[in-house]
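The values are calculated or read from the model by the stated rules, or taken from the named source; none is laboratory data. Quantities reported herein were computed from a predicted structural model and do not represent experimental measurements. As a convention, Cβ positions derive from the backbone with ideal geometry for all residues, glycine included, and neighbour counts pool all protein chains shown. Note: accessible area is taken over every heavy atom of the protein model, side chains too, but ligands, DNA and RNA are not part of it. Shrake-Rupley method; radii C 1.70, N 1.55, O 1.52, S 1.80 Å.
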Amino acid sequence: MMQEPPPGEEVIVCRQGAIGHLSLNRPKALHALTRTMCEAICAALREWRGDPGIAAVILDHAGGRGFCAGGDVAQVRRSVLEDGGREGRAFFLAEYRMNHWLLTFPKPVIAFMDGVTMGGGVGLALPARYRIATENTLFAMPEGAIGLFPDVGAGWFLPRLPGRIGPFLALTGARLDGAECLWAGLATHYLPSDRVAEAKVRIAAQPAAADAVLAELSIEPPPARLAGNAERIARLFASDSLEGILAALEGDPSTWAAKELKAVVAKCPTSAKVALRQFAEGASDFADEMALEYRLAARMIARPDFAEGVRAVLVDKDNAPRWQPDRAQDVTQDMLDAIFAPLPEQEEWTPFPEANP
Ligand code: QUE
């Protein structure tokens, strides 16, 4: 067994047999990610990558509710207001490198989404080979509520979901439960939360049998509400233009469409158009996707909508953001072109330089 981590450690890094165990440990902030946490995760992955004594990695949260509420966007907002966004960009650089390292890690990663899994938490879970949902899972990409966009690789994973579930999640910020995550392929297994501890112990004892352990402990989830909505999601979110989706929702007589229309209209229209263009263009590989997202992040946090969105949701909590512009038709192609334009070469995102290639 490893020694106890120092108190206040934001990620608990330890080895259990042939398992590398990473536990997010910021319970008061629902384990929201800081740059320090992303760098600690990457340092552990770098060490474990070539270590023949490590067969797999477990990713979970330490105490209280979990799994991970996102990036610490309140801190990014302070950076934007105080240092021109320098620290905010450093955070996204580190976070996206972590996302890329998780996806390219040469051994199985097992992520336990046993609680809130939003934004940055989704970026930790989706690159994992095994993604465990439970009855506590609450999954969302809510960045449209804070003038950001679906990042952390969402532009890679979400367009690959069935139907138009990706654009639906991005534009509405809809929250999925564990059963819906399994149905959509966001999760690979559904376990009752009271079997999660046993799953970890058994995987640590026998990492090569992770697959069998998870299969054995899995249960049939309750029906996925999302399955019943899949047809109208595919139909009403079919357009690659925000105006097209708004028109489809407005033209549908169902109360479901009226409710989702309300959700889309409440979000930042620039965020929605950025998400749709990001999904439609698609990157050729995951590293390209992260480079694109880093450009988008650098531009989006500098726009007034980001500071305003975080203010409305997390600082003042009035949930009454004033978007600029606040109508879809006023977000122009030129504005989007400026957000998608490459950064000066020395500011572009690059993968972590490898210690042992
Ligand atoms: C959109 C987001 C985030 C959000 C709410 C949104 C996000 C995030 C948090 C969050 C929540 C609770 C905390 C915390 C952060 O909320 O990214 O530190 O305690 O991290 O509507 O993107």
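In the set M335, M300, only one residue is touching a residue at least 40 places away in the same chain (Cβ under 8 Å), in contact with a Ser or Thr (Cβ under 8 Å, 6 or more places away or on another chain) and open to solvent by 40 Å² or more (accessible area, probe 1.4 Å); that residue is M335.
For (1) out of contact with any Ser or Thr (no Cβ under 9 Å at 6 or more places or on another chain); (2) modelled with pLDDT of 95 or more; (3) under 12 Å from L226 (Cα atoms), each residue gets a yes or a no:
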{"residue": "L161", "(1), (2), (3)": "yes, yes, no"}
{"residue": "I165", "(1), (2), (3)": "yes, yes, yes"}
{"residue": "D177", "(1), (2), (3)": "no, yes, yes"}
{"residue": "A187", "(1), (2), (3)": "no, yes, no"}
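Quickly run through the range 169-185 and pick out the residues that are crowded, with 24+ Cβ neighbours inside 10 Å and either farther than 27 Å from D72 by Cα or touching a residue at least 40 places away in the same chain (Cβ under 8 Å) (or both).
Quick first cut of the range 169-185, residues crowded, with 24+ Cβ neighbours inside 10 Å only: 169-172, 176, 178, 180-181.
Scanning the range 169-185 gives A170, L171, T172, L176, G178, E180, C181.
Listed here are the residues, each with its yes/no results for (1) modelled with pLDDT of 95 or more; (2) assigned to a helix (DSSP H, G or I); (3) more than 29 Å from N136 (Cα to Cα).
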| site | (1), (2), (3) |
| --- | --- |
| N229 | yes, yes, no |
| A238 | yes, no, yes |
| I245 | yes, yes, yes |
| L249 | yes, yes, yes |
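For the range 134-164, taking the residues that are open to solvent by less than 10 Å² (accessible area, probe 1.4 Å) and of a type in the set (A, V, I, L, M), the one that is farthest from the ligand (Cβ to nearest atom) is identified as L158.
Filtering A272, A257 for residues that are without any contact (Cβ under 8 Å) to a residue 60 or more places away in the chain, out of contact with any Ser or Thr (no Cβ under 8 Å at 6 or more places or on another chain) and buried (at least 17 other Cβ atoms within 10 Å of the Cβ) leaves a single hit, A257.
When the range 244-282 is filtered for residues that are within 13 Å of A145 (Cα to Cα) and not β-branched (V, I, T), the ones remaining, listed by number, are K262, A263, A266, K267, C268, P269, S271, A272, A275.
Considering only residues that are open to solvent by 10 Å² or more (accessible area, probe 1.4 Å), charged (D, E, K, R) and either within 30 Å of A197 (Cα to Cα) or within 15 Å of the ligand (Cβ to nearest atom) (or both), which ones fall in the range 62-119? Once the filter is applied, which keeps residues that are open to solvent by 10 Å² or more (accessible area, probe 1.4 Å), charged (D, E, K, R) and either within 30 Å of A197 (Cα to Cα) or within 15 Å of the ligand (Cβ to nearest atom) (or both), the range 62-119 yields R65, D72, R77, R78, R97, K107, D114.
Can you confirm whether the range 205-220 contains a residue that is closer than 20 Å to H61 by Cβ, within 16 Å of the ligand (Cβ to nearest atom) and surrounded by fewer than 21 Cβ atoms within 10 Å (Cβ to Cβ)? No, the range 205-220 contains no residue that is closer than 20 Å to H61 by Cβ, within 16 Å of the ligand (Cβ to nearest atom) and surrounded by fewer than 21 Cβ atoms within 10 Å (Cβ to Cβ).
Quick one: in the range 18-42, of everything that is within 8 Å of the ligand (Cβ to nearest atom) and not in a loop (DSSP other than H, G, I, E, B), which residue is least open to solvent (accessible area, probe 1.4 Å)? Lay out the reasoning, then the answer.
Of all residues in the range 18-42, those within 8 Å of the ligand (Cβ to nearest atom) come to 26, 28-30, 32-33.
With the extra rule that they be not in a loop (DSSP other than H, G, I, E, B), the set shrinks to 28-29, 33.
Details: K28: 209, A29: 34, L33: 1 Å².
Per the stated criteria, the residue is L33.
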